[in-house]
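The values are calculated or read from the model by the stated rules, or taken from the named source; none is laboratory data. Keep in mind that this is a model prediction, so the values were computed, not measured. Cβ coordinates were reconstructed from backbone atoms using ideal geometry, including for glycine residues, and neighbour counts include every protein chain displayed.
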């Protein structure tokens, strides 16, 4: 989570948003964790995992790269090195590729 927090501050907010979904049953415990770790990016609570089930999550954590128009670009299961230059380059490339593949209006 701290690496995702750093990523949320590194990426251009006009092009990227980091959003978390917690399946914890205890909302107060989840909120306290976010406070203690200094997490400021948007987080949602999904007790019971209904959101996770609806999007077909099978691995925790799992990351979804979603375009601004709601198209799933990529699924990334497991932990990632979010603060690495390689990861940031991958995210930037995925963004560029999705922008190029948009139909003209």
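Among the residues of region 76-89 satisfying the criterion of being surrounded by 14 or more Cβ atoms within 10 Å (Cβ to Cβ) and outside any loop (DSSP other than H, G, I, E, B), which is nearest to the chain's Cα centre (by Cα)? Across region 76-89, the extreme among qualifying residues is 76.
State whether one or more residues within region 91-103 are at pLDDT below 90, exposed (fewer than 11 other Cβ atoms within 10 Å of the Cβ) and outside any helix (DSSP H, G or I). Yes, that holds for at least one residue. Comparison of 37, 23 shows that the only residue that is surrounded by 13 or more Cβ atoms within 10 Å (Cβ to Cβ) and either touching a helix residue (DSSP H, G or I) at 6+ places or on another chain (Cβ under 9 Å) or on the phi > 0 side of the Ramachandran plot (or both) is 23.
The C-beta contact set for region 70-95 (first residue more than 17 Å from residue 1 (Cβ to Cβ), second residue in a loop (DSSP other than H, G, I, E, B) and at pLDDT 90 or above, distance under 6 angstrom, 6+ apart or interchain) is empty.
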